[in-house]
Amino acid sequence: MADYRFENINVSFGTDVIYKNFSIEFEKNRITTILGRSGCGKTTLLNYIMKDILRYKNLSCVFQEEILVKWLTVYENIELVLKNKGLSKTEKNEIIIKNLRLVNLNGYEKYYPSSLSGGMKQRVNIARAASYPADLLFMDEPFKSIDIINKEEIIGKLKQEIKSRNQTAVMVSHDLDEAIDFSDNIICISGTEGKKIKKFSVNKYISKEMLIKYI
Ligand SMILES: Nc1ncnc2c1ncn2[C@@H]1O[C@H](COP(=O)(O)OP(=O)(O)OP(=O)(O)O)[C@@H](O)[C@H]1O
């Protein structure tokens, strides 16, 4: 039985029908990846779901675009999401340092976004989303611009962190490897107006060859 179910999703841009009577569901306390080719409508779906959930639940998110505040340091950018949460300065500091370590950016607290690479900025986005206390975490291609070494490490550490907090996470991706490494469940999306979905539980038998047939 799914814990989050979205039915009768209809989204069009002008005459382009992206979703028509579409349904999708997610399990609580699991990491689900929505996998599909570029342009198939993953971001559109994630935005729809986040908007719907926000009506009744708090959530944290990582967007594809860089959304750091330019005139604030890395530390201050993360501190922003911890405002009005009743946390002491020491507690905030612990959370920020812990999550900068999670994305291998400890030591970069005083840097401004302009002195970071694209991949580093994306890692700050992840640290910020991980710092925000929420039951639900939504991520739109969070590892896209991150180099392979950091990516593998961050995927492992973030997965462990999500599990230890009992969070429900939904990621959008077109990368088969990261979907397998990061997720408990994968939902492949394909087709245009009449979209098809195929669900997989990630286990030792899953392979890229199995997934690619359904995206
Ligand atoms: N605001 C918009 N106005 C018009 N068309 C849009 C808009 N947003 C998305 N689209 C179209 O909807 C389709 C799905 O876009 P979407 O960004 O959801 O795809 P995606 O699967 O997330 O792609 P990618 O993996 O490249 O990020 C595309 O054809 C896109 O051009």
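Read-outs throughout are calculated quantities, based only on the coordinates presented, and are distinct from any laboratory measurement. Keep in mind that what you see is a predicted model, and the values were worked out from it rather than measured. FYI the Cβ positions are ideal-geometry reconstructions off the backbone, even for glycines, and counts take in every protein chain you see.
Please report the equivalent ellipsoid semi-axes of segment 69-133, computed as sqrt(5 x eigenvalue) of the Cα gyration tensor, largest first, in whole Å. Rounded to whole Å, the semi-axes are 19, 12, 10.
The alpha carbon centroids of segment 54-113 and segment 8-35 are separated by 29 Å.
Among the chymotrypsin sites (Phe, Trp or Tyr not before Pro) in segment 29-124, those placed in a DSSP loop whose Cβ has at most 11 other Cβ atoms within 10 Å are Y56, W71. Across the chain, C-alpha contacts under 8 Å between residues 6 or more apart give a mean separation that, scaled by the residue count, equals a relative contact order of 29 percent. Measuring between alpha carbons in the structure, the pairs from K98/K199; K57/K98; K121/K213; K70/K144; K42/K208; K57/K196 lying more than 23 angstrom apart are K98/K199; K57/K98; K121/K213; K57/K196. Within the shell defined by Cβ-Cβ distances under 15 Å, the residues around P133 carry a net charge of +2, with Lys and Arg each +1 and Asp and Glu each -1. So what's the net charge close to S23: Lys and Arg +1, Asp and Glu -1, counting the other residues with Cβ under 14 Å from its Cβ? Taking every other residue near S23 into account, the sum is +3. Taking 7 Å steps out from each Cα toward its Cβ at E25 and D147 produces label points 4.4 nm apart.
Each of I126, I148 was scored by other Cβ atoms within 10 Å of its Cβ. Arranged with the fewest first, they read I148, I126.
Projection of the Cα convex hull of the chain, averaged over all directions and equal to a quarter of that hull's surface, yields 12.9 nm².
If you rank L87, L54, L45 by fewest surrounding Cβ atoms within 10 Å, what's the result?
With the sparsest Cβ surroundings first, the list reads L54, L87, L45.
DSSP bridge analysis restricted to the chain gives an antiparallel fraction near 40%, rounded to the nearest 5. Computed over segment 135-215, relative contact order equals 27 percent, with contacts defined as Cα pairs under 8 Å that lie 6+ residues apart. Across segment 69-133, the mean sequence separation of Cα contacts (distance under 8 Å, 6 or more residues apart), normalised by length, yields a relative contact order of 51 percent.
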